[in-house]
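Enquirer: Questions regarding the structure given below will be posed in turn.
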Amino acid sequence: MNGHAMRARAGSWLLLAVLLGGWEAYCRLSGVSALVVPAPSAVLETLVSELATGRLWPHIRVTATEMLLGLALGCSVGFLAGVVLGEVEGLRRLLYPYVIASQVVPKLALAPLFLIWFGFGMTSVVVITALICFFPLLENTMTALRQVDPAKLELFRMLRATRLQTLVRLKIPAGLPVILAGVRVAVVLALVGAVVGEFIGGRQGLGASIIAAQGMMDSTLMFALFAVITALGLIVYQATVHLERWLLRRLSKG
Amino acid sequence: MATMRTAALRRPPAAGPHAPGFVTLEGARYTYDREVIVDGVDWRIAHGAFHCLVGRSGCGKTTLLKLAAGLLAPTDGRVLIDGAAVREPSGRVGFVFQAPTLLEWLSALDNVLLPVSLKRRPGPDDRAAALELLDLVGLGGLEGRRPGELSGGQQSRVAIARALAGEPAVLLLDEPFAALDALTREDLQQDLLRLCALRRTTVLFVTHDIAEAVFLADRVAVMEAGRIRHTLDIPLPRPRGRDLRYGADFNALCRDLRAAMDGAP
């Protein structure tokens, strides 16, 4: 990291400190009720005690599991569907209007229906998360496969490559950056899917805990849970970015 | 691979430009959307000969090359290579595209190995052959580089090595040096001549650069509106070196070719 980037990063941290300090000062000086806006120090205290007593860990585990399972399921099915629609022109033309239509459907609005189908708990949340992750992968994979350089396709024809070889050796590697951008979008959506899915149909997890904290009017705990969810999202997002870099590097080594 | 090499050696040596064609186009026509792109071209290239096809953009020269490659099928007429009709791409024909069209995620070596690797898992022999080819095109020691780490000229060299990887009897090139600077282009022309002479490859080279055509070819065809309007034999001695470009003969031939292109109705 060069000096410029280092200074920029230091600035970001400084801004965070100023914002937190301002928030803390506002809570202390204005005498606003902790029920409305809890002070950051109180949130931190709650967070530490929740983590220390171990009450929070099972919920983190549940939400992380739902998110990762939904992500894996939605991404793999979305990728495969994207490959099929990207490769089979007739099928793409037949199904594309439906794909567009289903993108407009607010997937979370289907959650109550999934509760009837799969019951309360993890399965419903995983299915909702998977459904949300499905579309960015479908869209990006399909686009990536269809925008391969025509000259390279001609090269593969000249080399008498089979359709499968053209797909695996040319189209997918050439489209990988676009496909991985879809994965990054899916990661962000997966967290929303898991948390909001739990609002509606979860017994356990961070989303369910927020609803429980709301029931107890415990704003401090809710803020602590927001912090945990944000951290979870950042960790998974960073992991994806690293996975992406690793995949592209591996690919470029051949 | 070895059988192909001996088969190539057993074939009779190249005769003059009027010898029976190794690559033959007979009344080749190609229409697209009722528009005639290639309009009845007859052309013969003797085994081991180097022919250039010149013409302005949009005259149908790239389409003609794709017909010869089997990438397009003629609407009428025939394309023959060594007496057999060409209906689809074959391993006997190598093609170099306008852009290097290298796979960015593969090393130079793996790009050269691509044709082989689509048929089988490349063995040590294949790797050795590919390394030798890279050496021949002047890229010895750069086999580990990816296309992004190579200059434009070096990328073109990799593309030529890849096209030669299957030891094709015929090499078709579609303005491969058009995007390069003049000096690099001259170096590559020289190296291409050397390589093709070494392997006795039959070549059809499409270009719009008059000096390039005269320097490379035994014979130049001038294409205009889908037809071959003129042909010009280039009787310059081989091997051709850099000094040739500054000789009176060379410049006279360039002038003739330019006149032929302007004279094309």
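The values are calculated or read from the model by the stated rules, or taken from the named source; none is laboratory data. Note that this is a predicted model, so its numbers are computed, not measured. Every residue, glycine as well, gets a Cβ built from its backbone with ideal geometry; the counts of neighbours run over all protein chains shown.
Enquirer: Out of (1) more than 14 Å from chain B (Cβ to nearest Cβ); (2) free of Cβ contacts under 8 Å to residues at least 40 places away in the same chain; (3) in contact with a helix residue (DSSP H, G or I) (Cβ under 6 Å, 6 or more places away or on another chain), what's the single condition that is false for A:Val148?
Expert: Of (1) more than 14 Å from chain B (Cβ to nearest Cβ); (2) free of Cβ contacts under 8 Å to residues at least 40 places away in the same chain; (3) in contact with a helix residue (DSSP H, G or I) (Cβ under 6 Å, 6 or more places away or on another chain), only one is false for A:Val148: (1).
Enquirer: Please indicate, with yes or no, whether at least one residue in region A:126-143 is touching a helix residue (DSSP H, G or I) at 6+ places or on another chain (Cβ under 9 Å) and outside any helix (DSSP H, G or I). It would help to see each step written out before you state the result.
Expert: The initial filter retains those residues of region A:126-143 that are touching a helix residue (DSSP H, G or I) at 6+ places or on another chain (Cβ under 9 Å), namely A:126-143.
Okay, now just the ones that are also outside any helix (DSSP H, G or I), so none.
Scanning region A:126-143, I find no residue that is touching a helix residue (DSSP H, G or I) at 6+ places or on another chain (Cβ under 9 Å) and outside any helix (DSSP H, G or I), so the answer is no.
Enquirer: Considering only residues that are more than 13 Å from A:Leu159 (Cβ to Cβ) and either of a type in the set (A, V, I, L, M, F, W, C) or facing chain A (nearest Cβ under 8 Å) (or both), which ones fall in region B:117-134?
Expert: Passing the criteria: B:Ala128, B:Ala129, B:Ala130, B:Leu131, B:Leu133, B:Leu134.
Enquirer: Continuing with the same structure: Which residues, counting only those in region A:194-217, are over 21 Å from A:Tyr237 (Cβ atoms) and free of Cβ contacts under 8 Å to residues at least 24 places away in the same chain? Quick ask: steps written out before the conclusion?
Expert: In the first step, residues of region A:194-217 are kept if they are over 21 Å from A:Tyr237 (Cβ atoms); the result is A:199-204, A:208-209, A:211-217.
The answer is A:Phe199, A:Ile211, A:Ala212, A:Ala213, A:Gln214, A:Gly215, A:Met216.
Enquirer: Continuing with the same structure: What about A:Ala64, is it among the hydrophobic types (A, V, I, L, M, F, W, C), in contact with a helix residue (DSSP H, G or I) (Cβ under 7 Å, 6 or more places away or on another chain) and touching a residue at least 60 places away in the same chain (Cβ under 8 Å)?
Expert: Values: among the hydrophobic types (A, V, I, L, M, F, W, C): yes; in contact with a helix residue (DSSP H, G or I) (Cβ under 7 Å, 6 or more places away or on another chain): yes; touching a residue at least 60 places away in the same chain (Cβ under 8 Å): yes.
So A:Ala64 passes the test.
Enquirer: From the set of residues in region B:48-68 that are among the basic types (Lys, Arg) and away from every other protein chain (no Cβ under 12 Å), which is farthest from B:Asp218 (Cα to Cα)? Let's see the steps before the verdict.
Expert: Restricting attention to region B:48-68, the residues satisfying the condition of being among the basic types (Lys, Arg) are B:56, B:61, B:66.
This time we only want the ones that are away from every other protein chain (no Cβ under 12 Å), so: B:56, B:61.
Working: B:Arg56: 20, B:Lys61: 18 Å.
Of everything passing the filter in region B:48-68, B:Arg56 is farthest from B:Asp218 (Cα to Cα).
Enquirer: Quick test of your reading of the structure: B:Ala128 fulfils all but one of (1) closer than 21 Å to B:Cys196 by Cα; (2) within 23 Å of the chain's Cα centre (by Cα). Name the failing condition by number.
Expert: For B:Ala128, the failing item is (2).
Enquirer: Additional query: If a residue counts only when it is more than 30 Å from B:Ser107 (Cβ to Cβ), which strands (runs of 3 or more DSSP E) contained entirely in region B:162-265 have at least 3 such residues?
Expert: Values: elements: B:170-174, B:202-207, B:219-224, B:227-233.
In region B:162-265, B:219-224, B:227-233 are the strands (runs of 3 or more DSSP E) which contain 3 or more residues that are more than 30 Å from B:Ser107 (Cβ to Cβ).
Enquirer: Within region A:143-167, which residues are of a type in the set (Gly, Ala, Ser) and under 21 Å from B:Gly166 (Cβ atoms)? If you could, list the steps in order and put the result at the bottom.
Expert: Our first condition is that a residue be of a type in the set (Gly, Ala, Ser); within region A:143-167, this holds for A:144, A:151, A:161.
Listed by number, the residues that qualify are A:Ala151, A:Ala161.
Enquirer: For region B:34-58, which positions are surrounded by 17 or more Cβ atoms within 10 Å (Cβ to Cβ) and in a loop (DSSP other than H, G, I, E, B)?
Expert: Those that are surrounded by 17 or more Cβ atoms within 10 Å (Cβ to Cβ) and in a loop (DSSP other than H, G, I, E, B): B:Ala46, B:His47, B:Gly48, B:Ala49, B:Gly55.
Enquirer: Follow-up. Which number in (1) more than 11 Å from chain A (Cβ to nearest Cβ); (2) part of a loop (DSSP other than H, G, I, E, B); (3) in contact (Cβ under 8 Å) with a residue 24 or more places away in the chain; (4) of a type in the set (A, V, I, L, M) marks the one condition that B:Ala99 misses?
Expert: Unmet for B:Ala99, out of (1) more than 11 Å from chain A (Cβ to nearest Cβ); (2) part of a loop (DSSP other than H, G, I, E, B); (3) in contact (Cβ under 8 Å) with a residue 24 or more places away in the chain; (4) of a type in the set (A, V, I, L, M): (1).
Enquirer: Evaluate region A:155-171: report whether one residue or more is of a type in the set (S, T, N, Q), over 24 Å from A:Leu189 (Cα atoms) and assigned to a helix (DSSP H, G or I).
Expert: Yes, some residue in region A:155-171 is of a type in the set (S, T, N, Q), over 24 Å from A:Leu189 (Cα atoms) and assigned to a helix (DSSP H, G or I).
Enquirer: Separate question: Tell me the residue from B:Ala73, B:Ala28, B:Ala68, B:Ala46 that is at pLDDT 90 or above, over 25 Å from B:Leu257 (Cα atoms) and not aromatic (Phe, Trp, Tyr), please. Let's see the steps before the verdict.
Expert: Details: B:Ala28 fails: over 25 Å from B:Leu257 (Cα atoms); B:Ala68 fails: over 25 Å from B:Leu257 (Cα atoms); B:Ala46 fails: over 25 Å from B:Leu257 (Cα atoms).
Only one candidate qualifies: B:Ala73.
Enquirer: May I ask you to say which residue of A:Leu191, A:Leu234 is away from every other protein chain (no Cβ under 14 Å), in contact (Cβ under 8 Å) with a residue 12 or more places away in the chain and not hydroxyl-bearing (Ser, Thr, Tyr)? Give the derivation first.
Expert: Details: A:Leu234 fails: in contact (Cβ under 8 Å) with a residue 12 or more places away in the chain.
Being away from every other protein chain (no Cβ under 14 Å), in contact (Cβ under 8 Å) with a residue 12 or more places away in the chain and not hydroxyl-bearing (Ser, Thr, Tyr) holds for just one of A:Leu191, A:Leu234, which is A:Leu191.
Enquirer: Report whether or not A:Val196 is part of a helix (DSSP H, G or I) and within 20 Å of the chain's Cα centre (by Cα).
Expert: Numbers: part of a helix (DSSP H, G or I): yes; within 20 Å of the chain's Cα centre (by Cα): yes.
Criteria met by A:Val196.
Enquirer: In region B:87-96, what residues are surrounded by fewer than 22 Cβ atoms within 10 Å (Cβ to Cβ) and at the interface with chain A (Cβ under 8 Å from one of its Cβ atoms)?
Expert: Passing the criteria: B:Glu88, B:Pro89, B:Ser90, B:Gly91.
Enquirer: Hey, another quick one. Within the group B:Leu71, B:Leu114, B:Leu106, which residue is surrounded by 16 or more Cβ atoms within 10 Å (Cβ to Cβ), without any contact (Cβ under 8 Å) to a residue 60 or more places away in the chain, farther than 16 Å from B:Ala159 by Cα and at the interface with chain A (Cβ under 8 Å from one of its Cβ atoms)? Before the answer, list the steps.
Expert: Values: B:Leu114 fails: farther than 16 Å from B:Ala159 by Cα; B:Leu106 fails: farther than 16 Å from B:Ala159 by Cα.
Residue meeting the stated conditions: B:Leu71.
Enquirer: Test B:Ala28 against the criterion of being more than 18 Å from B:Ala163 (Cβ to Cβ), touching an Asp or Glu at 6+ places or on another chain (Cβ under 8 Å) and aliphatic (A, V, I, L, M), and give yes or no.
Expert: Values: more than 18 Å from B:Ala163 (Cβ to Cβ): yes; touching an Asp or Glu at 6+ places or on another chain (Cβ under 8 Å): yes; aliphatic (A, V, I, L, M): yes.
Yes: the conditions hold for B:Ala28.
Enquirer: Confirm whether B:Ala252 is loosely packed, with under 11 Cβ neighbours inside 10 Å, over 21 Å from the mean Cα position of the chain (by Cα) and more than 30 Å from B:Val36 (Cβ to Cβ). Don't jump to the end; show me each part of the working.
Expert: Details: loosely packed, with under 11 Cβ neighbours inside 10 Å: no; over 21 Å from the mean Cα position of the chain (by Cα): yes; more than 30 Å from B:Val36 (Cβ to Cβ): yes.
Criteria not met by B:Ala252.
Enquirer: Quick check on A:Val183: is it surrounded by 15 or more Cβ atoms within 10 Å (Cβ to Cβ), more than 14 Å from every other protein chain (Cβ to nearest Cβ) and under 27 Å from A:Val127 (Cα atoms)? Steps first, please.
Expert: Working: surrounded by 15 or more Cβ atoms within 10 Å (Cβ to Cβ): yes; more than 14 Å from every other protein chain (Cβ to nearest Cβ): yes; under 27 Å from A:Val127 (Cα atoms): yes.
The answer is yes for A:Val183.
Enquirer: In region A:101-112, which residues are surrounded by fewer than 11 Cβ atoms within 10 Å (Cβ to Cβ) and assigned to a helix (DSSP H, G or I)? Working first, answer last.
Expert: Filtering region A:101-112 down to residues surrounded by fewer than 11 Cβ atoms within 10 Å (Cβ to Cβ) leaves A:101, A:104, A:106, A:109.
Residues satisfying the conditions are A:Ala101, A:Val104, A:Ala109.
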